[in-house]
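As structure tokens, the structure follows; a few thoughts come after it.
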Number of protein chains: 4
Amino acid sequence: MTISKLTEDAKGVYIIGATPFTDEGALDLQSLDTLTDFYLRCGIHGFTLLGMMGEAHKLTADESLIVVNRVIGRAQGRQVIVGVSHAGLENVRRLAHEAMIAGAAGVMVAPPPGLKGDDGVYNYYAQVFAALGPDIPVVYQDYPQTTGVYLAPAVFERLVDDFKQLVMLKHEDAPGLAKLTHVREGEKKPGRRRVSILVGNGGLYYPQEMRRGADGAMTGFAWPEMLVQVYDHFARGEPEKGEDLFDLYLPLVRHEQQPAIGLALRKEVLFRRGAIKSPRQRAPGSSLSATDKTELDGMIKRLERRLAASGRGTKIAAE
Amino acid sequence: MTISKLTEDAKGVYIIGATPFTDEGALDLQSLDTLTDFYLRCGIHGFTLLGMMGEAHKLTADESLIVVNRVIGRAQGRQVIVGVSHAGLENVRRLAHEAMIAGAAGVMVAPPPGLKGDDGVYNYYAQVFAALGPDIPVVYQDYPQTTGVYLAPAVFERLVDDFKQLVMLKHEDAPGLAKLTHVREGEKKPGRRRVSILVGNGGLYYPQEMRRGADGAMTGFAWPEMLVQVYDHFARGEPEKGEDLFDLYLPLVRHEQQPAIGLALRKEVLFRRGAIKSPRQRAPGSSLSATDKTELDGMIKRLERRLAASGRGTKIAAE
Amino acid sequence: MTISKLTEDAKGVYIIGATPFTDEGALDLQSLDTLTDFYLRCGIHGFTLLGMMGEAHKLTADESLIVVNRVIGRAQGRQVIVGVSHAGLENVRRLAHEAMIAGAAGVMVAPPPGLKGDDGVYNYYAQVFAALGPDIPVVYQDYPQTTGVYLAPAVFERLVDDFKQLVMLKHEDAPGLAKLTHVREGEKKPGRRRVSILVGNGGLYYPQEMRRGADGAMTGFAWPEMLVQVYDHFARGEPEKGEDLFDLYLPLVRHEQQPAIGLALRKEVLFRRGAIKSPRQRAPGSSLSATDKTELDGMIKRLERRLAASGRGTKIAAE
Amino acid sequence: MTISKLTEDAKGVYIIGATPFTDEGALDLQSLDTLTDFYLRCGIHGFTLLGMMGEAHKLTADESLIVVNRVIGRAQGRQVIVGVSHAGLENVRRLAHEAMIAGAAGVMVAPPPGLKGDDGVYNYYAQVFAALGPDIPVVYQDYPQTTGVYLAPAVFERLVDDFKQLVMLKHEDAPGLAKLTHVREGEKKPGRRRVSILVGNGGLYYPQEMRRGADGAMTGFAWPEMLVQVYDHFARGEPEKGEDLFDLYLPLVRHEQQPAIGLALRKEVLFRRGAIKSPRQRAPGSSLSATDKTELDGMIKRLERRLAASGRGTKIAAE
């Protein structure tokens, strides 16, 4: 299947895919299929694989490629972005080429820890673009909470001006609302390209970011249909309806966004929704206590009650 | 006025007080009075002054004491806890004694950056307790996001066992829910004291924490009446009602909890509600753009609409 | 006594002064006098007070001023630079003015943690210079190991171009040799001022830095006469002799430069040399074990043996 | 060739091997051979491969195994320790088994960033030991400057008591001298095993650590013969002679120990000594300016002059 490459026009919800394992810790390809189908039924517009939340760092190189190929083969033409961040530039290049050969639409690169100053960031990405060549579309993952590397808006603009293959900002600095607005304002200058901006941080500020000009979300919230429906509302010019819906889910968005145990919660929900056969993470990983699970029960019941009261239901499940 | 000392039985909402400045950056004592009155009208049970959000680090030593005395004089008998964290232990001791002489109910101490290992934390607090003596009640502020110092539950339990003056945990680790449960479970062992736990993190996990055994909140959310009403619901055995109310405010709780600009948002709301005459922070501080303010307008309108729809109103204002 | 203000022409050794305390932890002004005299006998060219190694953060505001006044009054006309870094800009301003009124030659300002990107650094210092006015000479303390704030050479050059009162770089980034060379090369451009550069990091790279264009050292090594003699050798065009001498002391330079216990070692040496009456630090501070002291004995004996073998002696002591 | 497994009796110099690349960035196996031979001629007692300084994080999994096999095949029976730290425990296990099958004597594991508190460290290693089984000897790499994880002496002692396969501490905390003494003192208690301690930090405190009970060094200083000769002096009961020799090299030990450019200096020296064909690092890596190289010239000339004056020469070179 020929999949189009990622461009500045990308929009919608690119789900950060979880990686399912068996209870014994082996890659669970059947669950990867059911999970892919689940995401598709939720209406997502694309996939992002091997992100920080996808436990990519616990896979072998071979397993990573297996995951990428499997999802691409089942994605019904949806674009797949592959995370290729690595401490060595040669490995970034190799992973990116393998991903593109497998049919990826583009790659995502976060800066390595330790870059210093504006020029340190610019020069690193200049090296990345030189190594990847002009034909691989690149997403800048701006996640300083983990990388420790600050992206000044001016540096991002220099990169956009100088490298056509930079087509998207995955925006998850915090606070980040001002940066998003800054980038959108800057794009009004003549001659500057408008790039796609998808937002992360678990979607915690999703409606605010959509109002400020984001093109959608790239995150792994375990009810992806909410991300899609909110996007649709905004696309139809109904921001208030979008935010009303978002607010129903906000208690769980916030709950999943807790550091360290967020992924355990997310996989538990995917498990309960039938999308994967086991909520297990590869070690070292967090796990949920009985108290955590009871708490989650209650929060999900509250969600269902509120959805029902608003005339909506939890419609998507894996059959 | 004789104010009782802080004990393990403390509960309710201890508001983290903002420090008002004039547009020129001077301490604004009149606004401090109106702000104190505003907090009292919101129904808060106590005050915490000179916390991290109170811009304490930008005050002179003299100004700090002026703030403490002014609020204590106007607090209508509510307990006042004073933050006395300092890089030097002698200064911790001096500030604590000055606060107690001024009528404080107790003091709050965060660990200094750089403590190493469980023993490093224990030994630091052992030094603090030795320096303060047995008569000054102490709150342990567990805020590793800023201090970088992790408090193991076992270390907290050793401190509780060994130092009677440790009466409260200000709980704001993240993730912190498991730690809260761990401490509450541990207290069931014979011979262990039950201490008060008030929760921070802007109240972001307030209902979950209340369900797990917290005694209330110690944070600076700009609609303190919500913190109080939620507390009251839980005290009356109505957790679902408490959480329903909380969820109405959650979009703003989350909005205020953004790093770096949270305080600017909080002071802006206090300013709009008439509690202070200027939203200004002392430099270096964050400020709000026109976009930020328009966004806040919209979020407040949404809150008011939802409160109205639920049969509640924004009842508290400074007259 | 009228003391000249600090200028771009400053050179030599500005000793980072220790702050002596009694065994009970009180400020020991008599030891401050003997220490000042000791430094003067060592031949130092200036003083830097209230630096990070001077336990400034454990002094009260009043004590800080007492130290500044006492040393200035006894400094025999040597320039005194005062550290005025503070989380609040108003406090920076106040401390700087108090220091200048007391007779300081200039002030030193490190960036507060959390500044983001090149513009974050530039804008903070622009605020500082605006607050201090054009008449207070300022030293930029570039110590990212503690502050976490990287100073890009280009940012320093912008600041030098835009603010005449910026007259000195205290250079202690690591690695920092390339930055020092970068700044010196940049100064050859027409219209750019040459500023003074004094080096820190305990003097660990002192000869290399002098060869690259440093004007001297600003550090607190407990044998200040070495710093002075090395400077003199370089000033006389004898870099190899300077480095030969430096190498004799290098084992102790390196030993004192250990994190966390460096100050304990430094004060112990000052105590043994008769410069202060007690090696005590204010709590929380590090202290030396019996093993540490025996080790130091051996290292000092080795130094004395090597100095004797090279025809030099440990000439300076407090009488 | 059968190589004995690593035990608590390990001593001497285990060189951290550099990984040579061609100017084009390919793994240079011929240089790996000449480098291995060079190390052997220097008299080293063992090898440590795939450490942080070996650019292991820039190799592919296949390349890592090639390096391990190649060196083991040429090591003339010297023990080879292989670094197997990885974010995923399953990968630690896999790498360790591959290394042992290739003939490694043991493996080295550093803690992953983010472990919290004493129990966090203990539990992680308990998981590692469970995953590896009792037959793979393990070195604990204690390098908090990079990992951010503090190892309390008491935790190390618990691990030694509970897991027989923990046979060595690679000691490079800073300050670390007190920890080394603490561990050695603790081992005098009846029933506690004495483990091997080899020291890192570029050897910066090597003589002090040997006097406190270290068994040798595990570091990558580019004049490994010095590490060996100092070890020999200590082994013969001549600590002063050992320290005299060390001090001749200390200026270069310190120079190589600079963050970020240390590896560039180290590879440049190995290149100049004929041990490798190119000093190139894989990107992103540091490189030396003309000024850096001239500076290094001068420092090497100074070393040679001092060695000659002391009746020693730079005897080892690759022919």
As an exercise: evaluate residue C:88 against (1) over 20 Å from residue B:283 (Cβ atoms); (2) at pLDDT below 95 and give the number of the one condition it does not meet.
(1)
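Would you point out which residue out of A:187, A:172, A:157 is open to solvent by less than 30 Å² (accessible area, probe 1.4 Å), among the acidic types (Asp, Glu) and within 22 Å of residue A:54 (Cβ to Cβ)? Spell out the reasoning first.
On the way: A:187 fails: within 22 Å of residue A:54 (Cβ to Cβ); A:157 fails: within 22 Å of residue A:54 (Cβ to Cβ).
None of the others qualify; the one that does is A:172.
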Residue B:259: passes all of (1) at pLDDT 95 or above; (2) within 20 Å of the chain's Cα centre (by Cα) but (1)
Count of residues meeting criterion [assigned to a strand (DSSP E or B) and either open to solvent by 10 Å² or more (accessible area, probe 1.4 Å) or free of Cβ contacts under 8 Å to residues at least 60 places away in the same chain (or both)] in the range D:190-201:
2
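A quick yes/no check of all residues on (1) under 16 Å from the mean Cα position of the chain (by Cα); (2) closer than 29 Å to residue D:148 by Cα:
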{"residue": "A:106", "(1), (2)": "yes, no"}
{"residue": "A:110", "(1), (2)": "yes, yes"}
{"residue": "A:130", "(1), (2)": "no, no"}
{"residue": "A:140", "(1), (2)": "yes, yes"}
{"residue": "A:154", "(1), (2)": "no, no"}
{"residue": "A:163", "(1), (2)": "no, no"}
{"residue": "A:169", "(1), (2)": "yes, no"}
For residue B:286, which of the numbered conditions (1) over 23 Å from residue A:249 (Cβ atoms); (2) more than 14 Å from chain C (Cβ to nearest Cβ); (3) open to solvent by 10 Å² or more (accessible area, probe 1.4 Å); (4) in contact with a helix residue (DSSP H, G or I) (Cβ under 9 Å, 6 or more places away or on another chain) fails to hold?
(2)
For residue A:214, the lone unmet condition from (1) within 12 Å of chain B (Cβ to nearest Cβ); (2) of a type in the set (Gly, Ala, Ser); (3) assigned to a loop (DSSP other than H, G, I, E, B) is (1)
Using the structure shown, decide if residue C:275 is small (Gly, Ala, Ser), within 23 Å of residue C:38 (Cβ to Cβ) and in a helix (DSSP H, G or I).
no
For the range B:152-189, enumerate the residues that are in a loop (DSSP other than H, G, I, E, B) and within 14 Å of chain D (Cβ to nearest Cβ).
B:152, B:173, B:174, B:175, B:176
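Considering only the range C:182-203, state which residues are more than 13 Å from the chain's Cα centre (by Cα) and not charged (D, E, K, R).
The first filter runs over the range C:182-203 and keeps only residues more than 13 Å from the chain's Cα centre (by Cα), leaving C:182-196.
The answer is C:182, C:183, C:186, C:190, C:191, C:195, C:196.
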Please work out which one of (1) at the interface with another protein chain (Cβ under 9 Å from one of its Cβ atoms); (2) open to solvent by less than 10 Å² (accessible area, probe 1.4 Å) is the condition residue B:224 fails and give its number.
(1)
Residue D:122 vs (1) under 22 Å from the mean Cα position of the chain (by Cα); (2) within 20 Å of residue A:284 (Cα to Cα): all pass except (1)
Tell me, yes or no, whether the range C:262-282 has at least one residue that is touching a helix residue (DSSP H, G or I) at 6+ places or on another chain (Cβ under 7 Å), open to solvent by 30 Å² or more (accessible area, probe 1.4 Å) and modelled with pLDDT under 95.
no
Yes or no: the range D:218-241 includes at least one residue that is in contact with a Cys (Cβ under 8 Å, 6 or more places away or on another chain), among the β-branched types (Val, Ile, Thr) and assigned to a helix (DSSP H, G or I).
yes
Taking residue D:149 as meeting all but one of (1) within 14 Å of chain B (Cβ to nearest Cβ); (2) modelled with pLDDT of 95 or more; (3) under 25 Å from residue D:82 (Cβ atoms); (4) assigned to a helix (DSSP H, G or I), write down the number of the exception.
(4)
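Considering only the range C:202-213, state which residues are open to solvent by less than 10 Å² (accessible area, probe 1.4 Å) and out of contact with any Phe, Trp or Tyr (no Cβ under 8 Å at 6 or more places or on another chain).
Those that are open to solvent by less than 10 Å² (accessible area, probe 1.4 Å) and out of contact with any Phe, Trp or Tyr (no Cβ under 8 Å at 6 or more places or on another chain): C:208, C:209.
Counting only residues that are outside any helix (DSSP H, G or I) and either within 14 Å of chain B (Cβ to nearest Cβ) or in contact with a Leu (Cβ under 8 Å, 6 or more places away or on another chain) (or both), which one in the range D:124-142 is farthest from residue D:158 (Cα to Cα)?
Initial filter on the range D:124-142 (outside any helix (DSSP H, G or I)): D:133-142.
Now narrow it down to the ones that are either within 14 Å of chain B (Cβ to nearest Cβ) or in contact with a Leu (Cβ under 8 Å, 6 or more places away or on another chain) (or both): D:137-140, D:142.
Working: D:137: 17, D:138: 15, D:139: 15, D:140: 13, D:142: 15 Å.
Looking at residues that are outside any helix (DSSP H, G or I) and either within 14 Å of chain B (Cβ to nearest Cβ) or in contact with a Leu (Cβ under 8 Å, 6 or more places away or on another chain) (or both), I get D:137.
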Cβ-Cβ below 7 Å, separation at least six or inter-chain, first residue in the range B:235-258 and more than 11 Å from chain A (Cβ to nearest Cβ), second polar (S, T, N, Q): which pairs?
B:245/B:229
Among the residues of the range A:250-263, write down those that are closer than 14 Å to residue A:296 by Cβ, assigned to a helix (DSSP H, G or I) and not acidic (Asp, Glu).
A:251, A:252, A:253, A:254, A:255, A:262, A:263
Return yes when residue A:298 is more than 14 Å from chain D (Cβ to nearest Cβ) and surrounded by fewer than 18 Cβ atoms within 10 Å (Cβ to Cβ) and no when it is not.
yes
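The values are calculated or read from the model by the stated rules, or taken from the named source; none is laboratory data. No experiment lies behind these values; they were computed from the predicted model shown. Methodologically, a virtual Cβ is constructed for each residue, glycine included, from the backbone with ideal geometry; neighbour enumeration extends over all protein chains shown. To get the accessible areas, we keep the full protein, side chains included, count just its heavy atoms, and leave off ligands, DNA and RNA. Shrake-Rupley method; radii C 1.70, N 1.55, O 1.52, S 1.80 Å.
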